[in-house]
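Structure first, commentary second.
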Amino acid sequence: MNGLDGRDVDVVVVGAGQAGLSAAYHLGRAGLVPERDVLTLDHAPRPGGAWQFRWPSLTYGRVHGMHALPGMELTDADPERPSSEVIGAYFAAYEERFALRVRRPVQVRAVREGGGGALEVETSQGLVRTRALINATGTWDRPFWPRYPGQETFAGWQLHTADYPGPEAFAGRRVVVVGGGASGTQHLMELAEAGAETTWVTRRPPVFREGPFDQEAGRAAVALVEERVRRGLPPRSVVSVTGLPLGDAARRARAAGVLERLPMFDRIVPEGVVWDDGRRVGADTILWATGFRAALDHLAPLRLREPGGGIRMEGTRAARDERVHLVGYGPSASTIGANRAGRAAVREVVRLLARVPEAA
């Protein structure tokens, strides 16, 4: 494909994961033509969003809460196949079916004022002017690493969930898993089965959820996250307020002592981790299952952040700039939330395009 320098379009969609593809689909349904009116840009090498980078042992049957993209179901998926392959193939088929014409790999480096009411999008393939921007960059590119005293002295292997290669690499190792989310518990169960000696530490006691997670509970969880972004605070993930599902595998792991949690250690030493009360745990690996932050640095020139550190939102729209919508952010960070946010953002963008004349 040709470079992008000098292009002038109605809408740029940044990111082609669940939220970005949902937005691109709804833009097409609204009559906006890919490549002519809409540019969908993705930095990843192939379709699949963040799913393409998941560890091989995360099979499709172990994925929690994957919802189909709008207009096309995911059918006949092999539950034993890696989720990266299943969902990558599904996203690729989706892009082809709806002719979304995603440009990749394209890095979006900065978004700034472009004059005449337009935004200027600086990319690895040149500058693009656009009347509206739908940001769907997710979190995978910003793994969160906490900092603890002595961390730099640790003599073993430290890695984040983002770089987790699968349980086989840890056989016979003493692994401290840090983090109370779904990834941390999945890692613990896999590592124990692979022959690793595990210790689980979290800042807060984990909350396991019995029974189904119904619509009312889902709405309540989303509302808690939504309130934070309305106040301009950094969002917590929806998962962080739903609790951990207690399925059969988790019950077995609890009974075996694999999911017995210790409070957060106070410092790291070359041979392991230490608490101020004298407790010590020897380790040659620390696995940080400590989550991710929203990948929004490219929006910094627009000064959208509030004093609280987050971007205040009105629906999907950034409160400080009606041209910018964030999908897959805060309350729409789940797959079903991303679908809904994509549709809602497109409704607002279409109204904006109808109201604001094109720049000369």
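Identify, please: which residue in segment 77-100 is crowded, with 18+ Cβ neighbours inside 10 Å and charged (D, E, K, R) and is, among those, farthest from residue 26 (Cα to Cα)?
Result: 85.
Only one of (1) under 22 Å from residue 17 (Cα atoms); (2) buried (at least 22 other Cβ atoms within 10 Å of the Cβ); (3) in contact with a strand residue (DSSP E or B) (Cβ under 7 Å, 6 or more places away or on another chain); (4) among the aromatic types (Phe, Trp, Tyr) fails for residue 292. Which number is that?
Every condition holds for residue 292 apart from (2).
Yes or no: segment 291-303 includes at least one residue that is outside any loop (DSSP other than H, G, I, E, B), in contact with a Phe, Trp or Tyr (Cβ under 8 Å, 6 or more places away or on another chain) and over 30 Å from residue 114 (Cβ atoms).
Scanning segment 291-303 turns up no residue that is outside any loop (DSSP other than H, G, I, E, B), in contact with a Phe, Trp or Tyr (Cβ under 8 Å, 6 or more places away or on another chain) and over 30 Å from residue 114 (Cβ atoms).
Within segment 167-193, count every residue that is over 22 Å from residue 245 (Cβ atoms) and surrounded by fewer than 21 Cβ atoms within 10 Å (Cβ to Cβ).
Residues meeting the conditions: 6.
Could you tell me how many of the residues in segment 119-175 are more than 28 Å from residue 13 (Cβ to Cβ) and among the basic types (Lys, Arg)?
Residues that pass the stated criteria total 3.
Looking at (1) assigned to a loop (DSSP other than H, G, I, E, B); (2) of a type outside the set (Gly, Ala, Ser); (3) farther than 30 Å from residue 176 by Cα, which one does residue 343 not meet, given that it meets all the others?
(1)
Out of curiosity, is residue 73 in contact with a Gly (Cβ under 8 Å, 6 or more places away or on another chain), over 21 Å from residue 128 (Cβ atoms), of a type outside the set (Ser, Thr, Tyr) and surrounded by fewer than 15 Cβ atoms within 10 Å (Cβ to Cβ)?
No: the conditions fail for residue 73.
Given 173, 131, which one is among the basic types (Lys, Arg), in contact (Cβ under 8 Å) with a residue 12 or more places away in the chain and within 30 Å of residue 36 (Cα to Cα)?
Unique residue meeting the criteria: 131.
Given the criterion in contact with a His (Cβ under 6 Å, 6 or more places away or on another chain), of a type in the set (Val, Ile, Thr) and buried (at least 19 other Cβ atoms within 10 Å of the Cβ), identify the matching residue among 11, 108.
Answer to the check: 108.
Any read-out appearing in this document is the output of simple, stated calculations on the displayed coordinates, not a laboratory observation. Note that this is a predicted model, so its numbers are computed, not measured. Note: ideal-geometry Cβ built from the backbone for every residue, glycine included; neighbour counts use all protein chains shown.
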